[in-house]
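Worksheet for the structure shown next.
The values are calculated or read from the model by the stated rules, or taken from the named source; none is laboratory data. What you see is a predicted model; the values in this text were computed from it and never measured. Positions of Cβ are backbone-derived with ideal geometry, glycine not excepted, and every protein chain shown enters the neighbour counts. These accessible areas exclude ligands, DNA and RNA; they are computed on the full protein's heavy atoms, side chains included. Shrake-Rupley method; radii C 1.70, N 1.55, O 1.52, S 1.80 Å.
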Amino acid sequence: MAPAASQLPGSVIADIDGRRRVVIENLRPRVDGGRFAVKRIAGDVVEVTADVFADGHDVVAAVVRHRRDGARRFGESRMLPLGNDRFAGAFTVDDLGRHTFTVRAWIDRFATWRDQLARRLEAGQDVGVELEVGAGLIDEAAAAAPAAARPALAGWRDRLRAADDEAAAAALDPVLAALMARHDPRPHCTDAEPEIAVWADRPLARFSAWYELFPRSLGGERHGTLRDVEHAIDRVAGMGFDVLYLPPVHPIGETHRKGPNNSPTSAPGDLGSPWAIGSAAGGHTAVHSDLGTVADVRRLAEKCAGRGLALALDIAFQCSPDHPWVREHPEWFRHRPDGSIRHAENPPKRYEDIYPLDFESEDWRGLWEALLEVVRFWIGQGVSVFRVDNPHTKPFPFWEWLIAEVTREHPETIFLAEAFTRPRVMERLAKAGFTQSYTYFAWRNGKHELEEYVRELTQTGLREYFRPSFWPNTPDILTEPMQSGGRPTFAARLVLAATLSPSYGIYGPAFELVEQRGLRPGSEEYLDSEKYQLRDWDTGDPDSLEPLVAAVNAARRAHPALQSNDRLELRHVDNDLLMAYTAHTADLADVVLTVVNLDPHHTQSGWVELPLDRLGIDAEHPYQVHDLLSEATYTWQGARNYVEIDPRRLPAHIFHVRRRVRSEHDFEYYA
């Protein structure tokens, strides 16, 4: 037997309002119960759902309350019942930065009264007293309503009290119902807690194509410069990329400098790894003298912007033994018992040319502030996009703090996490604020593992905060299929990366020139890796994949269906070496079907099945599929259609699905 209210502990009575009867559960979207922000793009509509209910049979009402961070007033949008106590509402995040929302719910006394009145009338009961109850509810609403609304409410109240044949009809009038919904006093309402944060990024955060290159390899036989990168801008922009990404541009240490192919010893003239940052010439805010100056970075950012590109720089929070911080702040590094500083290693691998920072230093606050100033410095040079090297080797609280500090001042900033590590660690970095993340795409090659991974990224809670970026290759990763599959594998992986994820990237010119020479069997390192030496790339090679890259990027830009993975759906095809999937816009105005041959050596064929009704296609009429790569057009009919793909020609179709429509002049065409 439950104790009487007077027998409950006083602290419990003090902490509750027993008149709040509405319960709010299963609020979506949210990440870890509201601990981290949901991610969207400025201009997006945020769709909110929740279970909202109360004891008994009273009608409940709910609204989504939302505001820009720092705003004093909430905006509101009404939630509509979906059935089974589930409610849905929506609001728009119309500018960059942090927004919050919650759900407010209450017993809708007027709607409850109106529902009961309708049932009483249907049963033929006398409703004179009930009409007076309704008039009283209108009076309560008028007392709390703005002055401008009171005359209208008073008019309806008087109609209910008229006690004539029209009073009951007036009580059930939908105009009155809408008016009362607007001015409901909402007694004893419940707010979902905590408020949920939504971070709104610029569109580049969702949809972007990245191109990585090493500036030092752009000089032919000499060391390239940042001015040489300016001459490459037109080629990169011409291929349809959005982001030009450069590895670290800082001075490179001399101590334990690596030689070609990651040799532990170097000879005079060897360049070393750009990730061994720092020398007597400076550290993370300096530029390697052979590349140019800080002013050249600023100039390059401006030149990129003029061609529609964002310049991205590498943030690698680690130091060479020659970095000024080693001398100025030895407390920021871990020391061995003999007093020497411990270099980076992942046994049995040793990185003698790099000192990792000690985030458990007694002066960790000073270290955090110094690293924040590095990011601020480059933002001051016009850079707002950063690829972050190995973020999983630094504490999560550090990233959460740094990204929050940066984006509070510069909400347009984008951070790409280069974290090829355990799933939970990658996910936590995304929750901490990283805009995008590298993924396991490079190692997902079979149809079933690709499909399983796509489902995980697009159909689970990850979609609320984890934005994948698919890269077929990087300077560190040349997978075995890329080494053995030749040009068809490079082409197929390009199409997969660019159409399975709205953000993707390639490391070039190694990619478009099909650089597939591995260091040794079983290694994913390149032979003669550009990380340690200059490479002279022939970007004018007639066998380059550059035209295909440009065609794929043109398809992405022309078709909004490929600019979000919100409606990416896998399709059945009766051949495990063919993978098929569609993407479409919410209004079905744009539908794209991609079919990829995963076998680089043989022609593969099969029957693709499409749910025509869900794609807005009339099953009784033919429709067209136009290949955005080959420009070929085919006429299909019905849900099952035949495809055949020869990887030696093109290993994939990217089909724009065109439905038959009739013009206002009674002329039929496909669109």
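Has segment 273-282 got any residue that is hydroxyl-bearing (Ser, Thr, Tyr), in contact (Cβ under 8 Å) with a residue 60 or more places away in the chain, crowded, with 18+ Cβ neighbours inside 10 Å and in contact with a Leu (Cβ under 9 Å, 6 or more places away or on another chain)? The answer is no; no qualifying residue exists.
Can you tell me which of 519, 494, 513, 545 is touching a residue at least 40 places away in the same chain (Cβ under 8 Å), in contact with a Ser or Thr (Cβ under 8 Å, 6 or more places away or on another chain) and not basic (Lys, Arg)?
Details: 494 fails: in contact with a Ser or Thr (Cβ under 8 Å, 6 or more places away or on another chain); 513 fails: touching a residue at least 40 places away in the same chain (Cβ under 8 Å); 545 fails: in contact with a Ser or Thr (Cβ under 8 Å, 6 or more places away or on another chain).
Answer to the check: 519.
Residue count for segment 350-365, restricted to those that are open to solvent by less than 40 Å² (accessible area, probe 1.4 Å) and in contact with a helix residue (DSSP H, G or I) (Cβ under 8 Å, 6 or more places away or on another chain): 5. Looking across segment 202-233, the residues that are among the hydrophobic types (A, V, I, L, M, F, W, C) and in a loop (DSSP other than H, G, I, E, B) come down to 207, 213, 214, 218. All conditions in (1) over 17 Å from residue 498 (Cβ atoms); (2) buried (at least 19 other Cβ atoms within 10 Å of the Cβ) hold for residue 615, with the sole exception of (2).
Residue by residue, here is whether (1) under 22 Å from residue 389 (Cα atoms); (2) among the aliphatic types (A, V, I, L, M); (3) modelled with pLDDT under 95 holds:
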residue	(1), (2), (3)
280	no, yes, no
288	yes, no, no
291	yes, yes, no
294	yes, yes, no
300	yes, yes, no
311	yes, yes, no
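Every condition in (1) open to solvent by 20 Å² or more (accessible area, probe 1.4 Å); (2) farther than 30 Å from residue 309 by Cα; (3) modelled with pLDDT of 95 or more; (4) small (Gly, Ala, Ser) holds for residue 580 except the one numbered (1).
Restricting segment 252-276 to residues that are in contact with a strand residue (DSSP E or B) (Cβ under 6 Å, 6 or more places away or on another chain) and over 13 Å from residue 534 (Cα atoms), the residue that is modelled with the lowest pLDDT is 265.
Of the residues examined, residue 401 is one that is surrounded by fewer than 19 Cβ atoms within 10 Å (Cβ to Cβ) and farther than 17 Å from residue 501 by Cβ. For residue 284, the conditions (1) more than 18 Å from residue 353 (Cα to Cα); (2) outside any helix (DSSP H, G or I); (3) not charged (D, E, K, R) all hold with the exception of (1).
Return yes or no: is residue 529 modelled with pLDDT of 95 or more, touching a strand residue (DSSP E or B) at 6+ places or on another chain (Cβ under 6 Å), surrounded by 18 or more Cβ atoms within 10 Å (Cβ to Cβ) and farther than 30 Å from residue 603 by Cβ?
no
Scanning segment 287-322 for residues that are over 27 Å from the mean Cα position of the chain (by Cα), assigned to a loop (DSSP other than H, G, I, E, B) and of a type in the set (A, V, I, L, M, F, W, C) yields 287, 291.
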